Amino acid sequence: MMSSWATLNIDEKIEAIREAHAKCSGTARTISDKLFELHGYQVSRNAVIGYYARQAEKLKDRPLCGPRAGENKKPLVREPRTARPKSVATVNAYSQVVEFVPPPVVMPEPRNLTLMELGHRDCRYPVAGEKQHTFFCANSVQEDSPYCAYHHKLCHGNGTRSERSVDLLLAKVA
């Protein structure tokens with residue numbers, strides 16, 4: 001009767017690995033295949049690697065071979081990244097490169113109105129207070145925005161490079 005891999009003790013498993021190693025190329029895959037061929041043991045490649053890791057002293061005379069064994073590993077070294085130019089938009093190969101510089105927006109003096117005092121076209125950016133005692137900027141808003149130009153820019157930023165270059169591209173196409 002043939003025993004299974006799980007019923008063997010550690011020394012019997014190591015002897016089976018040594019026997020299989022002598023009859024194959026010495027990679028974890030070929031050792032696991034040879035264990036099945038010789039004894040009928042269903043052993044995965046990872047199980048063989050695990051035994052080599054845990055029983056290194058007992059298996060040092062039969063080292064694993066192959067691209068991932070021991071000193072054959074290449075050290076992981078990352079190449080440094082190169083710096084990319086900032087805020088440059090190219091339209092196409094025949095046009096010039098355009099540098100985008102957003103126009104400065106001046107902070108307006110807040111009117112400090114409560115929520116109940118705000119009108120339909122007043123900036124709803126909170127500037128002071130909390131809960132029912134909150135005061136809002138209340139300067140005139142941009143179209144399709146609940147904020148004035150300054151607070152809109154403060155909340156949304158400049159956008160990505162491609163978002164900033166849309167107006168330039170549309171002007172070139174038109």
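Here, each number is a calculation from the coordinates, and none is a lab measurement. Because the structure is a prediction, the values reported are computed rather than measured. Note that each Cβ is placed from the backbone with ideal geometry, even for glycine, and that neighbours are counted across all protein chains shown.
In units of the compact-protein estimate 2.2 N^0.38 Å, the range 1-49 shows a Cα radius of gyration of 1.00. Between the amide H of residue 113 and those of 136, distances stay under 5 Å, these residues lying 5 or more places away or on another chain, with hydrogens modeled in the peptide plane. The HN-Hα couplings worked out from phi for the range 156-165 by the Karplus form 6.51 cos²θ - 1.76 cosθ + 1.60 (θ = phi - 60°) are 10, x, 7, x, 7, 4, 5, 5, 5, 8 Hz, whole numbers, x standing for Gly and Pro.
Prolate is the label for the range 129-173. Its Cα gyration tensor axes, ordered a ≥ b ≥ c, give a/c of at least 1.5 and a/b above b/c.
3J(HN,Hα) along the range 14-19, derived from phi through the Karplus expression 6.51 cos²θ - 1.76 cosθ + 1.60 where θ = phi - 60°, amounts to 5, 5, 5, 5, 4, 5 Hz, with x in place of Gly and Pro. Once the Cβ-Cβ distance of residue 127 and residue 158 is raised to the sixth power relative to R0 = 25 Å, the FRET efficiency obtained is 0.65.
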